[in-house]
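Only one structure is covered here, and it is reproduced in the block below.
The values are calculated or read from the model by the stated rules, or taken from the named source; none is laboratory data. As the structure is a prediction and not an experimental result, all values here were calculated from the model. Every residue, glycine among them, receives a Cβ derived from its backbone with ideal geometry; neighbour counts consider all protein chains shown. Surface accessibility is based on the protein's heavy atoms, side chains included, excluding ligands, DNA and RNA. Shrake-Rupley method; radii C 1.70, N 1.55, O 1.52, S 1.80 Å.
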Amino acid sequence: MKYDFDKITDRSGTNSEKWNVSANELPMWVADMDFEAAPAIISALEKRLKNGVFGYSYIPDEWYAAYIDWWKRRHDFEIKKEWLIFATGVIPALSSIIRKLTTPAEKVLIQTPVYNIFFNSIRNNGRVPLESPLILKDGRYEIDFEQLEKDLSDPQTSLMLLCNPQNPGGRIWTRDELIKIADLCKKYDVRVVADEIHCDIVAPGHEYIPFASVSDTASEISVTCISASKAFNIAGLQSAAVFAENKSIRHKVWRGLNTDEVAEPNVFATAATIAALNEGEEWLDELNEYVDKNKHTAADFINNNIDGIRALYDHATYLLWIDLRGLPGNGAGFAKFLRKKTGLFLSTGEIYGKAGQGFLRMNLACPASFVEDGLKRLKTGVELFKEQD
């Protein structure tokens, strides 16, 4: 490989949320990579830094072109310039969109288990999260379309948050699945917000499908949130985008983002994104190979060497979803026990909705040596947990 993903970068003293842990703890929880950003990004930031003046910034044409070219090249989907709107992050955008496209007490449908902050964005804005659980079948998640239609038919359901690809399970939804979702949402007058922030973290040989690309219906009823932040580890630079073909939806989203003051970039936001999308493709391809190897290593080790738990490998994200239900008490309390006894800090599944109870989420976007250490701690934790029963 051209790029060194084995390199360990000391993140202490950088105010890292992920590494705000005690001595000898190993954090593998929040979706934040432990790799340095692509050299092209660092170079672009250094160039901007050397200017020495950090005033207000506008959105340059190069930013629009970078997104348009990337999605056409990588995902065979043409985003038009007028569809794109800058946002300081996918989560600020989601919260703003929920406020603008729904009214208080209406239901926002989410397919659980799903990214836990969806719940915050819904509840904090006075809306009601409606969990439409996925089905776990043969080690991967499937959509229960009968249940989904029932939930969408509720007159109080006005919006659906679609996680594509799916976090935490790693599913890449198929074209047929996405078409069915679009048709059902159209039938019951439900608009869709597609969170596609993890779309560029996919295993070699696999590809995600943009929701808006699958049909005219999907494009007509949706707004999509995208960012280079997950794929290129630049979340702290607060740069994302939303796009919508539908003029009415796009105008409401634009008004919401500007009203909430989350539509203006900091001085580094656009430079980093432009560099990532224009010059970071080779780096990303190697990253995806490295992460997928980590995922296979972890899944194989867990499934062959740790009795009582099972890893659910799938083809997207750098996250591994782990089934604890073979442990005593279906694994209740294991995440807290694991951290206390071994120092391994993972995300407990229950925060991802009722369907996440009895699971853990493990972040594998880190040097292979961290993965090896984490797996040893996980095995020790499981053994100690079973001994106390």
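Here is a yes/no grid of residues against (1) hydroxyl-bearing (S, T, Y); (2) open to solvent by 20 Å² or more (accessible area, probe 1.4 Å); (3) in contact with a strand residue (DSSP E or B) (Cβ under 6 Å, 6 or more places away or on another chain):
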{"residue": "M1", "(1), (2), (3)": "no, yes, no"}
{"residue": "D10", "(1), (2), (3)": "no, yes, no"}
{"residue": "F35", "(1), (2), (3)": "no, no, no"}
{"residue": "S57", "(1), (2), (3)": "yes, yes, no"}
{"residue": "D69", "(1), (2), (3)": "no, yes, no"}
{"residue": "I79", "(1), (2), (3)": "no, no, yes"}
{"residue": "I97", "(1), (2), (3)": "no, no, yes"}
{"residue": "T102", "(1), (2), (3)": "yes, no, yes"}
{"residue": "K107", "(1), (2), (3)": "no, yes, yes"}
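Take A355 and decide whether it is under 19 Å from the mean Cα position of the chain (by Cα) and part of a loop (DSSP other than H, G, I, E, B).
Judged against the criteria, A355 is not a match.
Given (1) open to solvent by 60 Å² or more (accessible area, probe 1.4 Å); (2) in contact with an Asp or Glu (Cβ under 8 Å, 6 or more places away or on another chain); (3) not hydroxyl-bearing (S, T, Y), where does L277 come up short, assuming only one miss?
L277 satisfies all of (1) open to solvent by 60 Å² or more (accessible area, probe 1.4 Å); (2) in contact with an Asp or Glu (Cβ under 8 Å, 6 or more places away or on another chain); (3) not hydroxyl-bearing (S, T, Y) except (1).
Pull up the stretch 235-292, narrow it to residues that are touching a helix residue (DSSP H, G or I) at 6+ places or on another chain (Cβ under 9 Å) and among the hydroxyl-bearing types (S, T, Y), then point me to the one that is farthest from C199 (Cα to Cα).
T259
Output the qualifying pairs, or none if there are none: Cβ atoms under 7 angstrom, residues six or more apart or on different chains, first residue in the stretch 41-56 and among the charged types (D, E, K, R), second residue assigned to a loop (DSSP other than H, G, I, E, B).
Listed by first residue and then by second, the contacts come to R48/V267; R48/F268.
Looking at the structure I just gave you, is A23 over 24 Å from the mean Cα position of the chain (by Cα), modelled with pLDDT under 95 and more than 15 Å from A240 (Cα to Cα)?
Yes, satisfied.
List pairs: first in the stretch 329-348 and more than 25 Å from Y318 (Cβ to Cβ), second open to solvent by 40 Å² or more (accessible area, probe 1.4 Å), Cβ under 6 Å, 6+ apart or cross-chain?
K341/L384
Can you pull out every residue in the stretch 109-122 that is open to solvent by 10 Å² or more (accessible area, probe 1.4 Å) and β-branched (V, I, T)?
Selection gives I117 alone.
Can you tell me which residue among R73, R48 is open to solvent by 50 Å² or more (accessible area, probe 1.4 Å), more than 15 Å from T273 (Cα to Cα) and either part of a helix (DSSP H, G or I) or of a type in the set (V, I, T) (or both)?
R73
Can you find a residue that is over 20 Å from the mean Cα position of the chain (by Cα), at pLDDT 95 or above and open to solvent by 60 Å² or more (accessible area, probe 1.4 Å) anywhere in the stretch 164-178?
yes
Would you mind finding the one in N246, N258, N266, N233 that is open to solvent by 10 Å² or more (accessible area, probe 1.4 Å), within 15 Å of the chain's Cα centre (by Cα) and either touching a residue at least 40 places away in the same chain (Cβ under 8 Å) or at negative phi (or both)?
N233
For the subset of the stretch 183-224 comprising residues that are crowded, with 16+ Cβ neighbours inside 10 Å and small (G, A, S), which member is nearest to A276 (Cα to Cα)?
A203
Give me a count of the residues in the stretch 12-31 that are closer than 18 Å to T317 by Cα and surrounded by fewer than 20 Cβ atoms within 10 Å (Cβ to Cβ).
Final tally of qualifying residues: 2.
Which of the residues that make up the stretch 114-144 are within 18 Å of the chain's Cα centre (by Cα), part of a loop (DSSP other than H, G, I, E, B) and either farther than 21 Å from H198 by Cβ or among the aromatic types (F, W, Y) (or both)?
Within the stretch 114-144, just Y115 meets the criteria.
Being of a type outside the set (D, E, K, R) and open to solvent by 10 Å² or more (accessible area, probe 1.4 Å) is the filter here, so list the residues in the stretch 312-326 that pass it.
Answer for the stretch 312-326, where residues must be of a type outside the set (D, E, K, R) and open to solvent by 10 Å² or more (accessible area, probe 1.4 Å): L312, Y313, H315, G326.
Which of the residues belonging to the stretch 183-218 are touching a strand residue (DSSP E or B) at 6+ places or on another chain (Cβ under 7 Å) and among the aliphatic types (A, V, I, L, M)?
Listed by number, the residues that qualify are V190, V192, V193, A194, I197, I201, V202, A212.
Inspect all residues belonging to the stretch 82-89 and state whether any of them is of a type in the set (F, W, Y) and either open to solvent by 80 Å² or more (accessible area, probe 1.4 Å) or not in a loop (DSSP other than H, G, I, E, B) (or both).
yes
Quick check, is L136 open to solvent by 10 Å² or more (accessible area, probe 1.4 Å) and within 28 Å of K295 (Cβ to Cβ)?
Criteria met by L136.
Out of (1) part of a loop (DSSP other than H, G, I, E, B); (2) more than 21 Å from A105 (Cα to Cα); (3) free of Cβ contacts under 8 Å to residues at least 40 places away in the same chain, the odd one out for P168 is which?
(3) is the only condition that P168 fails.
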